[in-house]
1. Could you tell me which residue out of 89, 158, 105 lies farthest along the dipole of the chain toward its positive end? Charges go on the beta carbon: Lys and Arg +1, Asp and Glu -1, centred on the Cα centre.
2. Using Cα pairs under 8 angstrom and six or more residues apart, how large is the relative contact order of region 138-195, in percent?
3. For the modelled label position 7 Å from the Cα of residue 194 along Cα-to-Cβ, which residues of region 88-108 have backbone nitrogen atoms closer than 20 Å?
4. Taking the square root of 5 times each eigenvalue of the Cα gyration tensor, what semi-axes in Å does the equivalent ellipsoid of region 70-150 have, largest first?
5. Any idea which of 191, 173, 148 is furthest toward the positive side of the dipole for the chain, if Lys and Arg beta-carbons carry +1 and Asp and Glu beta-carbons -1?
6. No solvent, one uniform scatterer per C-alpha: report log10 I(q)/I(0) for region 113-195 via the Debye equation at q = 0.13 1/Å, two decimals.
7. For the chain, with every protein chain kept in place, what is the accessible area per residue (1.4 Å probe, Å²)?
8. Calculate the all-directions average of the projected area of the chain's alpha-carbon convex hull, and give it in nm².
Amino acid sequence: MPRVSQEHSEARRQQILAGGRRCFSANGFHATSMQDLLNEIGLSAGAFYRYFPGKDELIRTIATESLDDVTDSLAAHLQQHDAPLPELLASLPTAPIRTLHDPELARLIVQVWTEAMRDDALSDVVRAGLQRLNALLAAELTTRQRDGELPPDADPAACARVILATLQGFILQRAAFRVDEPQVFASGLGMMFRG
């Protein structure tokens, strides 16, 4: 019986998170009222508050899980990709990372970045997520540097920040400006480290 209860509890939590992502992606954080959320999720206020103390905590949880998903997906992609560095970088815009391809998640993550400028707790979540992503890319570039694919005087952490900023720009252009040109980003990223 407790196992069913735990599974039911997790399913309900996921229902709330999915509904929150849909609402926030479509309407933004501030234009989405608690009633909008409850209508989308199909739950009472009491049921919602058993899982989240409020809208801000729901936003932070969505941001944390989205950043964790990006980090896990990028780690898996890097582990499976042993091509030369320019090809690896060129593969990033089309890598199997949901935020890069799912318009709803792309819009949501751009809103998270914006909201992080006014919400210190959310800013901490975003900063920690970006630090994990940067460390992951820097570790890959350090390995590539030892293998001679990156100049010895290059700073892998600085290069990782530039790559990450390029991917953030890719997400922003897709989400906010509807510029959908992954081949342009792929080509540009590949050329950055071509010998």
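1. Towards the positive end, the residue furthest out is 105.
2. Numbers: 24 pairs, mean separation 15.8, N = 58.
About 27 percent, as a whole number.
3. What the label zone holds, given the 20 Å backbone N cut-off, is 88-95.
4. 27, 16, 9
5. 173
6. Log10 I(q)/I(0), no solvent term: -0.52.
7. 53 Å²
8. For the Cα atoms of the chain, the hull's average projected area reads 12.7 nm².
The values are calculated or read from the model by the stated rules, or taken from the named source; none is laboratory data. Just so you know, these numbers come straight off a predicted model, no measurement behind them. Cβ sites come from the backbone with ideal geometry, for glycine too, and all protein chains shown count toward neighbours. The protein model used for the area step is the full one, side chains on, heavy atoms only, and it has no ligands, DNA or RNA in it. Shrake-Rupley method; radii C 1.70, N 1.55, O 1.52, S 1.80 Å.
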